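Here the structure comes first, spelled out in C-alpha cells, and everything after it is commentary.
The values are calculated or read from the model by the stated rules, or taken from the named source; none is laboratory data. Source: prediction; values computed, not measured. Virtual Cβ from ideal backbone geometry, glycine too; neighbours counted across all protein chains shown.
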2 protein chains.
Amino acid sequence: MRIVDIRHITVPIKSDMANAFINFSKMDVSVLAIVTDVIRDGKPVIGYGFNSNGRYAQPGILSHRIIPRLLEANPDSLINEKTGNLDPKLIWQSAMINEKPGGHGDRAVAVGILDMAAWDLASKLVEKPVHKFMAEESKSGIKTPLEKVWVYAAGGYYYKNQALSSLTSEMLGYIDLGYRTVKMKIGAVPLAEDLVRIEAVLNVLPSGCTLAVDANGRFSAQLAVEYAQALNKLPIHWYEEPTDPLDFQSLGKVRSAYEGVLATGENIMSGQDAKNLALYGGMDPEKDVLQMDAALSYGFVEYDQTLKTLGDLGWKSSRFVPHGGHQFNLAIVAACGLGGCESYPGIFEPFGGFADGYKVENGYISLPEVPGIGLESKASLAPILNQLQ
Amino acid sequence: MRIVDIRHITVPIKSDMANAFINFSKMDVSVLAIVTDVIRDGKPVIGYGFNSNGRYAQPGILSHRIIPRLLEANPDSLINEKTGNLDPKLIWQSAMINEKPGGHGDRAVAVGILDMAAWDLASKLVEKPVHKFMAEESKSGIKTPLEKVWVYAAGGYYYKNQALSSLTSEMLGYIDLGYRTVKMKIGAVPLAEDLVRIEAVLNVLPSGCTLAVDANGRFSAQLAVEYAQALNKLPIHWYEEPTDPLDFQSLGKVRSAYEGVLATGENIMSGQDAKNLALYGGMDPEKDVLQMDAALSYGFVEYDQTLKTLGDLGWKSSRFVPHGGHQFNLAIVAACGLGGCESYPGIFEPFGGFADGYKVENGYISLPEVPGIGLESKASLAPILNQLQ
C-alpha cells in the first residue's frame with residue numbers, strides 16, 4: 001500500500017460579511033486529496049481534507065514543503081507495522097521533518113489540511129466512520145463515541161447597511177433549524193450600538209434558547225473589560241475571544257471582570273500555545289470553554305495530545321467546543337466526548353455544515369455511519385472533490 | 001511616487017550541516033524586490049529584502065496574499081503625507097489587511113521579507129544608510145546610531161563523520177577573522193559526547209575569547225536542566241534555546257538550575273509572543289539575552305514596537321542580540337543601540353555576512369555609509385538581486 005499522489009486546489013469562499021477583525025471577501029480554502037494505490041470498486045481509495053474558515057488556503061506551504069516530503073518519503077515509513085495500513089501519525093511525522101519548533105501559524109493550517117485527509121483515508125481503509133476509528137486510535141478517544149453532538153449556530157456577522165430586523169430574523173432562522181444556542185459578532189461598532197443589537201436578539205429568542213457573543217480578538221484589555229461589565233447584566237451563553245488570542249495577561253483581566261463563561265482558542269494554533277493559554281490565561285477549567293480547531297492547528301494528531309496535556313491541567317473534555325463547523329471537527333467531538341461543535345448554517349458552504357439528511361434536533365446532531373469523514377455524503381462538496389480525482 | 005511591481009524568487013541555500021533539530025539540505029530563501037516609478041541614473045529605485053536562515057522561503061504567502069494586497073492598494077495609502085515618500089509602516093499595514101490575530105509563523109516570515117525591502121527602499125529614497133534612517137523613524141532608535149556593533153561567530157554545526165579537530169579548527173578560524181566570541185551547536189549527540197566537544201573548543205580558545213552553546217530548542221525540561229548542571233562547571237558565554245521556544249514553563253525550570261546567562265528568542269515570531277516570553281519565561285532582564293529576529297517576525301515595524309514593549313518590562317536595549325547574521329539585522333542593532341548581532345562567517349552565503357570590505361576587529365564590525373541596507377555593497381549578492389531587476 002502506498003500514496004501515489006497528493007493533489008490540492010484552492011477554492012474561494014467569497015462572502016460579503018465581516019467580523020470585528022476581517023472581511024471574508026477574499027477568503028479561500030485548500031482542498032487536498034491523498035490518492036492511494038488501493039483500488040475498490042474500480043476506483044482508488046482517496047482521503048480528502050480542507051482547512052476551516054478564518055485562515056487562508058495554503059497552496060504555498062503544501063506545494064513547497066509538505067507534499068514533497070511525503071512523496072519523497074520511503075513508502076514503508078508511512079505504514080503502520082501492525083495494521084499494514086497508511087497511518088495518520090506517521091504521515092504527520094513525515095510532513096514535519098526539518099521544521100523548526102515554534103512559529104505556529106500557516107504551517108499549522110497546512111498540516112491540519114493534510115491530517116484531515118490522512119484520517120479520512122485511514123478510516124476508509126478499514127471501512128469505519130472516522131469518529132469510531134479516531135476513538136479507537138487516539139489517547140483521548142472514548143470507548144463509545146457520542147451518538148449525537150451538541151451544536152450551536154454561529155452567525156450574526158456584520159453586513160453593510162444591515163437592518164436590526166435582518167439580524168433577529170437570521171437568529172430566529174437558526175432556532176427554526178433546531179439550534180438552541182446562537183452566536184453573533186460584537187466589536188465592529190461602538191459598545192452602545194452592540195448592546196442594542198444584543199438586546200434585540202435576546203428579546204426575540206424563545207425561552208430555553210441562549211445567545212453567545214464573539215469579539216474575534218479585537219478588544220484592548222480596557223475595552224474588553226468595559227464590554228464584560230455591560231455583558232454581566234445580560235444572560236449571555238458565553239463571551240468569546242475578547243482580546244488578542246495570545247494576550248494571556250489581558251484575558252486574565254477580563255476573567256476577573258466577567259461573571260459569565262469565557263470562550264477562546266480558535267486562533268491558538270498548536271498544543272504548546274494551548275498549554276500556555278491554560279497556564280497563563282486565567283481561564284476557569286470548571287466553567288470556561290476552549291475552542292481550538294484541529295483543522296487549523298496541525299490536525300487531530302496534535303489535538304489528541306493537546307486534549308491529554310490540558311486534561312492533566314484540569315480541563316475536562318466537556319469544556320472543549322471546537323471552532324470550525326464541519327464534519328471532521330464534529331467527528332472529533334464525537335470520538336473524544338467533547339462538549340460540542342460550532343456550526344455555521346448556510347455560510348462557509350460547502351465546507352461548513354454537516355452530512356446531508358442529518359438535521360439538528362433540540363440542539364443536537366448525529367453523525368453518518370459511512371466509512372471516512374463522510375464528505376461524500378454532502379452533495380454540495382461532490383463537484384469540488386471530483387476535481388481532485 | 002508609487003510601487004510599479006513586487007517580484008520575488010526562491011533561492012536554495014543547500015548545505016550538508018545540521019543542528020539539533022533540522023538539517024539544512026533543503027533550506028531556501030525568498031528574495032523580494034519592490035520596484036518603484038522613481039528613476040535615478042536611468043534606473044528605477046528598488047528595495048530588496050529576504051528572510052533569515054532557519055525558516056523557509058515564502059513563495060506561497062507572498063504571491064497568494066501579501067503582494068496582491070499591495071498592488072491592489074490605493075497607491076496614495078502607502079505614501080507618508082509629510083514626506084511624500086513610500087512609508088514602510090503604511091506598506092506593513094496594507095500587507096496585513098484581513099489577517100486574523102494570532103498564528104505567528106510563516107506569515108511573520110513573509111511580512112518580514114517585505115518589511116526589509118520597504119526599509120531598504122525608503123532609506124534609498126532619502127539617500128541615507130538604513131541604520132540612520134531607522135534611528136530617526138522609529139520609537140526605539142537612538143539619537144546617534146552605533147558606529148560599530150559587537151558580533152559573534154555562530155557555527156559549530158554537526159556534520160556527518162566530523163572529527164573533533166575540524167570543529168576546533170573552525171572555531172579558531174573565527175578568532176582569526178577577528179571574532180572574540182564563538183558559538184557551537186549542542187544537543188544532537190548525548191550530553192557526555194557534547195561535553196567532550198565543548199571542552200575541546202574551550203581548550204583551544206585564546207584568553208579573552210568565549211564560547212556560547214546552542215541547543216536549538218531540542219531539550220525536554222529534564223534534559224535541559226541536566227545540561228545546565230553540567231554547563232554550570234564551565235565558563236560558557238551563554239546557553240541558548242535549551243527548550244521549545246514557546247515552552248515558558250520549562251524555560252523557567254532551566255533558569256532556576258542554570259547559573260550563567262540564558263539566551264533565546266529566534267523562534268519567537270511576534271511582539272505578543274515576545275511579551276509572553278518576558279512575562280512567563282522567568283528570564284532575567286538584567287542578565288539574559290533575547291534574540292528575536294525582525295527578518296523572521298514581521299520585520300522592523302513590529303520589532304520596533306517589541307523593543308518598546310519589552311523596555312517597559314525592564315529589558316534594556318543591551319540585552320537584545322538578534323539572530324540572523326545579515327546586514328539588515330546589523331543595521332537594526334546600530335539604529336537602536338542593541339547589544340550585538342549574530343554572524344555566520346562563510347555559511348548561509350550570500351545572504352549571511354556583512355558588506356564587502358568591512359572586517360571584524362576585536363569582536364566589532366562597522367556599517368557601510370551607503371544609501372539603503374547596502375546589499376549592493378556585497379558582490380556575491382549582485383547576481384541574485386540582478387535577477388529581480
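Overview of values
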| quantity | calculated |
| --- | --- |
| Which listed residue, of B:Ser220, B:Ser207, is out of contact with any Pro (no Cβ under 9 Å at 6 or more places or on another chain), surrounded by fewer than 20 Cβ atoms within 10 Å (Cβ to Cβ) and more than 14 Å from chain A (Cβ to nearest Cβ) | B:Ser207 |
| Output for the range B:279-290, where each listed residue is surrounded by fewer than 23 Cβ atoms within 10 Å (Cβ to Cβ) and within 19 Å of B:Glu302 (Cβ to Cβ) | B:Leu279 |
| Residue list for the range A:1-42, restricted to those being free of Cβ contacts under 8 Å to residues at least 12 places away in the same chain and either in contact with a helix residue (DSSP H, G or I) (Cβ under 7 Å, 6 or more places away or on another chain) or of a type in the set (D, E, K, R) (or both) | A:Arg40, A:Asp41 |
| Boolean, A:Asn276 is at the interface with chain B (Cβ under 10 Å from one of its Cβ atoms), surrounded by 21 or more Cβ atoms within 10 Å (Cβ to Cβ), assigned to a helix (DSSP H, G or I) and out of contact with any strand residue (DSSP E or B) (no Cβ under 6 Å at 6 or more places or on another chain) | yes |
| Criterion: touching a residue at least 60 places away in the same chain (Cβ under 8 Å) and either more than 21 Å from A:Gln222 (Cα to Cα) or within 14 Å of chain B (Cβ to nearest Cβ) (or both) - qualifying residue of A:Asp293, A:Asp247 | A:Asp293 |
| The lone exception for A:Ile113 - which of (1) touching an Asp or Glu at 6+ places or on another chain (Cβ under 9 Å); (2) assigned to a helix (DSSP H, G or I) it fails | (1) |
| Set A:Gly54, A:Gly103: member being within 7 Å of chain B (Cβ to nearest Cβ), within 30 Å of A:Asp214 (Cα to Cα) and free of Cβ contacts under 8 Å to residues at least 12 places away in the same chain | A:Gly103 |
| Residue that is nearest to B:Asp273 (Cα to Cα), among those in the range A:190-214 that are part of a loop (DSSP other than H, G, I, E, B) and in contact (Cβ under 8 Å) with a residue 12 or more places away in the chain | A:Cys209 |
| Members of the range B:255-271 found to be surrounded by fewer than 21 Cβ atoms within 10 Å (Cβ to Cβ) and among the polar types (S, T, N, Q), listed by number | B:Ser256 |
| Any hit, the range B:333-343, residues being within 14 Å of chain A (Cβ to nearest Cβ) and touching a strand residue (DSSP E or B) at 6+ places or on another chain (Cβ under 9 Å) | no |
| Residue selected from the range A:40-68 under the condition at pLDDT 95 or above and closer than 16 Å to A:Phe328 by Cα, by the criterion nearest to the chain's Cα centre (by Cα) | A:Asn51 |
| Lone unmet requirement of (1) of a type outside the set (Lys, Arg); (2) in contact with a Leu (Cβ under 9 Å, 6 or more places away or on another chain); (3) within 14 Å of chain A (Cβ to nearest Cβ) for B:Trp92 | (3) |
| Extreme residue, surrounded by the most Cβ atoms within 10 Å (Cβ to Cβ), among residues of the range B:57-72 that are of a type in the set (D, E, K, R) and more than 8 Å from every other protein chain (Cβ to nearest Cβ) | B:Arg69 |
| A:Val333 being touching a Cys at 6+ places or on another chain (Cβ under 8 Å) and closer than 27 Å to A:Phe219 by Cα | no |
| B:Tyr56 vs. criteria under 18 Å from B:Leu385 (Cα atoms) and outside any helix (DSSP H, G or I) | no |
| Matching residues in the range B:362-381 - criterion: being of a type in the set (A, V, I, L, M, F, W, C) and in contact with a Phe, Trp or Tyr (Cβ under 9 Å, 6 or more places away or on another chain) | B:Ile365, B:Leu367, B:Ile373, B:Leu375, B:Leu381 |
| Some residue of the range B:231-251 being closer than 24 Å to B:Arg180 by Cβ, in the same structural domain as B:Val333 (by TED's automatic domain parsing) and assigned to a helix (DSSP H, G or I) | yes |
| Matching entry among A:Gly260, A:Gly217, A:Gly265, A:Gly271 (being free of Cβ contacts under 8 Å to residues at least 60 places away in the same chain and in contact with an Asp or Glu (Cβ under 6 Å, 6 or more places away or on another chain)) | A:Gly271 |
| Residue satisfying condition, being at pLDDT 95 or above, more than 9 Å from chain A (Cβ to nearest Cβ) and closer than 21 Å to B:Tyr157 by Cα, within set B:Gly265, B:Gly260 | B:Gly265 |
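Quick grid of which residues meet (1) touching a strand residue (DSSP E or B) at 6+ places or on another chain (Cβ under 9 Å); (2) at pLDDT below 95:
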| site | (1), (2) |
| --- | --- |
| B:Asn161 | no, yes |
| B:Ser165 | no, no |
| B:Ala200 | no, no |
| B:Phe219 | yes, no |
| B:Gln222 | no, no |
| B:Tyr227 | yes, no |
| B:Pro242 | yes, no |
| B:Asp247 | no, no |
